Amino acid sequence: MKRRDFMRAAVPGALALLNAKLWAAAPGDTKLLVVMLRGAYDGASLLVPYSSEFYYRSRPGIAVPRPNSGGPDSGVALDADWALNAAVKDSLHAMYAAKQAVFIPFSGSEDLSRSHFQAQDLMELGQGSGRALDYSSGYLNRLVEALAGAPAGVSFTNNLTPVFKGAVPVANISLRGNMKNNLPPRQSELIASLYEGTALSGMATAGIETRKMVSGELMTEMTESSRGAGPARAFESRARAIAKLMRDRSAYSIAFADVGGWDTHVNQGSAQGALAANLAGLSSGLAVYAREMGALWKSTVVVVMSEFGRTFRENGNRGTDHGHGNTLWVLGGGIAGGRIAGRQIAVSEAGLFQNRDFPVLNDYRSVLAGLFARMYGLGGEALDRVLPGAKAEDYGFI
């Protein structure tokens, strides 16, 4: 791999203008969607270090073929070192080529438990490691609070997860499972009457109306796309609904969604197989989301992350186990994309963390802090309340 013995020159630096909002969008048009890939996806099978011979020695059964290796599964070169999995060629690579996607390898949190639940909770709470977790609030709830409740938050999850727990009320809209509206009209009226004349009346009415709309629109799409497909395929329908809600309802401006099925201990595959199918479904869903956002895509940022990465070497079951560093994505119509960002080192055996994983060189909280500073003009005490102790970094793409 080129630049073997030193960090790349394009490393992030501390933001100089933390209190200056540099995002060009009007306040009501700025949109943020955070997508959590639960189960720890294998970033080395998405963003492939194809110039590393060590990568191919470490993954004899699951390595993504080098670009121009002669088959349809060949990786798609992004530069002299990195390529994308061919499974996302028509979606994610198209966004990268349009300079609407940035990848940050060697990313993650400081958590070393390799426990899905602990690592997910820590990442959603955004508090950093080395302290007892405080479940009273997550970083997106604190972000909404720091922005004085406008824009508002919305969680597209089955239940309100730690990232949106906190002092500010947040809408929770499940887009998984049974999409049938199981609230009969009479029951909806009774629920609305309970809140009539209270401060929560408007929120209750809006929630009932949103459920009706989501149910009607998703039932058809879910039926058409079911055909035995897994959760990643279903994300395309969810992404379309998420975009419609965020586009048409100005209050829904800071959102969170999760996608499962990424714990690939067995038969992971490379450019074909379970992981590739998940990557293709997720990427096509995000491409649909971008199209459905229309003109607002220019002022929208999507962050895709996972609780940790996978082991660099494949295991005896043609899969990978719980690891550490991973690849974080940032997408958006107005970002300076088409680049691999952040601190990087040569992909070699000597560079592995604990002789098994990618190291974490780019703290996900620093990435988020930099984004929040640029998008919302947050700095100083306000930013520290959202992400305590995080050092905002400028990665150069917004």
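The values are calculated or read from the model by the stated rules, or taken from the named source; none is laboratory data. Worth saying up front: this structure is predicted, and the values here are computed from it rather than measured. Cβ sites come from the backbone with ideal geometry, for glycine too, and all protein chains shown count toward neighbours. What goes into the accessible areas is simple: the full protein's heavy atoms, side chains included, and nothing from ligands, DNA or RNA. Shrake-Rupley method; radii C 1.70, N 1.55, O 1.52, S 1.80 Å.
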Any idea which of Leu92, Phe54, Ser69 is furthest toward the positive side of the dipole for segment 30-117, if Lys and Arg beta-carbons carry +1 and Asp and Glu beta-carbons -1? Leu92
Measure up Lys89/Lys391; Lys31/Lys391; Lys99/Lys244; Lys89/Lys298 against 28 Å on the Cα-Cα distance and list the ones that go over. Lys89/Lys391
Pairs of Cα atoms under 8 Å, at least six residues apart: use those to get the relative contact order of segment 235-350, whole percent. 27
Would you pull out the residues with amide H under 5 Å of Thr300's amide H, same chain only if 5 or more places away, H placed 1.01 Å from N? Lys31, Gly333, Gly334
Give me the accessible area per residue for segment 239-398, probe 1.4 Å, as a whole number in Å². 30
At 1.4 Å probe size, put Ile340, Ile398, Ile242 in order of accessible surface, largest to smallest. Ile398, Ile340, Ile242
